[in-house]
1. Taking the range 84-116, which residues are in contact with a Pro (Cβ under 6 Å, 6 or more places away or on another chain) and part of a strand (DSSP E or B)?
2. Quick one: is ASP140 of a type outside the set (A, V, I, L, M, F, W, C), modelled with pLDDT under 90 and surrounded by fewer than 17 Cβ atoms within 10 Å (Cβ to Cβ)?
3. Tell me the residue from GLY91, GLY44, GLY60 that is modelled with pLDDT under 95, out of contact with any Asp or Glu (no Cβ under 8 Å at 6 or more places or on another chain) and of a type outside the set (Asp, Glu), please.
4. When the residues of the range 15-47 are narrowed to those that are surrounded by 20 or more Cβ atoms within 10 Å (Cβ to Cβ) and aliphatic (A, V, I, L, M), which ends up nearest to ASP96 (Cα to Cα)?
5. Given the conditions (1) touching a Gly at 6+ places or on another chain (Cβ under 7 Å); (2) in contact (Cβ under 8 Å) with a residue 60 or more places away in the chain; (3) surrounded by 15 or more Cβ atoms within 10 Å (Cβ to Cβ); (4) within 25 Å of GLY16 (Cβ to Cβ), which single one is not true for VAL98?
6. So which of TYR65, TYR88 ends up being of a type in the set (Phe, Trp, Tyr) and crowded, with 19+ Cβ neighbours inside 10 Å?
7. So which residues in the range 14-55 are among the polar types (S, T, N, Q) and not in a loop (DSSP other than H, G, I, E, B)?
8. What pairs can you find where one residue is in the range 37-55 and under 13 Å from ASN121 (Cβ atoms), the other is part of a loop (DSSP other than H, G, I, E, B) and β-branched (Val, Ile, Thr), and their Cβ atoms are less than 9 Å apart, with a gap of 6+ or different chains?
Amino acid sequence: MEAREQEFLSGGCLCGQIRYEIRRPFLFVSQCCCKDCQKATGTGHTTIIGLPGGQLTMHGEPKTYTSVGDTGGKVTRHFCGNCGGRLYTTGDRPGDNVIIQAGSLDDPEQISPENVIYAKNRISWDKTDPALPHIAGLPDRRS
């Protein structure tokens, strides 16, 4: 298998205290420009990988912070309590799915975004790939 198609990908926090593996297939890979992601990352967007929770294996215990997202549901961010490195998100809207922070992968080149979501909140100085579909809000991912 070529590097982009490896079945298992690994990642972790900045200090290495927390590690994880994720398994393909993924539900989606998106760049998210929502205001919550902007606040949580301190930049214009984050790249996220959606997958069923059973495809995530954790080594270490992350800390959490829960807030209310744009849809009105709870959003829980999981991060290292030592270095603060963001790892993944859970919540009401993704249900049993988890949303991995692509920047926490050991090799983020192994994934490629397929669209930009919450494009209505994109900041003008934050450039996203114009060739990707730009969706104003959150797409319907029930299919």
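1. LEU87, ASN97, ASN115
2. The answer is yes for ASP140.
3. Result of the check over GLY91, GLY44, GLY60: GLY91.
4. This residue is ILE22.
5. Of (1) touching a Gly at 6+ places or on another chain (Cβ under 7 Å); (2) in contact (Cβ under 8 Å) with a residue 60 or more places away in the chain; (3) surrounded by 15 or more Cβ atoms within 10 Å (Cβ to Cβ); (4) within 25 Å of GLY16 (Cβ to Cβ), only one is false for VAL98: (2).
6. Only one candidate qualifies: TYR88.
7. SER30, GLN31, GLN38, THR41, THR46, THR47, GLN55
8. CYS37/THR43; GLN38/ILE123; THR43/ILE123; GLY44/ILE123; GLY44/THR128; HIS45/ILE123; HIS45/THR128
The values are calculated or read from the model by the stated rules, or taken from the named source; none is laboratory data. For clarity, every value in this text was computed on a predicted model and none was experimentally measured. Glycine also receives a Cβ, built like all others from the backbone with ideal geometry; neighbour counts cover every protein chain displayed.
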